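Peer 1: To start, I am sharing the structure in question, which I have written as structure tokens.
The values are calculated or read from the model by the stated rules, or taken from the named source; none is laboratory data. Owing to the predicted nature of the structure, the values given are computational and were not obtained by experimental measurement. Quick reminder, even Gly has a Cβ in these numbers, built from the backbone with ideal geometry, and neighbours come from all protein chains shown.
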Amino acid sequence: MGRIVIATLILAVSGIGAFAVDLRNEDSQSYTVRVHDVGTTHTSIGSSTTMASICSSCEIEVEGVGSVKASGSETVVIRDGLLSKR
């Protein structure tokens, strides 16, 4: 019985990041980013970089590019100065 509970907890914890939004910068420049979730987080993303699991549901605002709402396992991509979701 105890092994079943432990196995269930391990599976539940390992799946927590499975449905989180990633942010990928495919441009050759860095950008200032604001993530609007419960509060607002200010950060930056370097060129050719991916930030994994930044939120489960939020609005991502990239300075000089725009903003987009994303949730679940979506990936927000900066490419050629534009935002898109995959």
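Peer 1: Taking the stretch 50-70 as the search range and keeping residues that are touching a Ser or Thr at 6+ places or on another chain (Cβ under 6 Å) and surrounded by 14 or more Cβ atoms within 10 Å (Cβ to Cβ), which one is nearest to Tyr31 (Cα to Cα)?
Peer 2: Step one: list which residues in the stretch 50-70 are touching a Ser or Thr at 6+ places or on another chain (Cβ under 6 Å), which gives 57, 59, 61, 63.
Retained after the next criterion (residues that are surrounded by 14 or more Cβ atoms within 10 Å (Cβ to Cβ)): 59, 61.
Working: Glu59: 16, Glu61: 10 Å.
Out of the qualifying residues, it is Glu61.
Peer 1: Only residues in the stretch 62-74 that are without any contact (Cβ under 8 Å) to a residue 40 or more places away in the chain count as the first member; pair them with residues that are surrounded by fewer than 14 Cβ atoms within 10 Å (Cβ to Cβ) and among the charged types (D, E, K, R), Cβ under 8 angstrom, at least 6 apart or cross-chain, and list the lot.
Peer 2: Val68/Lys85
Peer 1: Now, a different point. Restricting the stretch 1-49 to residues that are surrounded by 11 or more Cβ atoms within 10 Å (Cβ to Cβ) and in a helix (DSSP H, G or I), which is modelled with the lowest pLDDT?
Peer 2: Across the stretch 1-49, the extreme among qualifying residues is Gly17.
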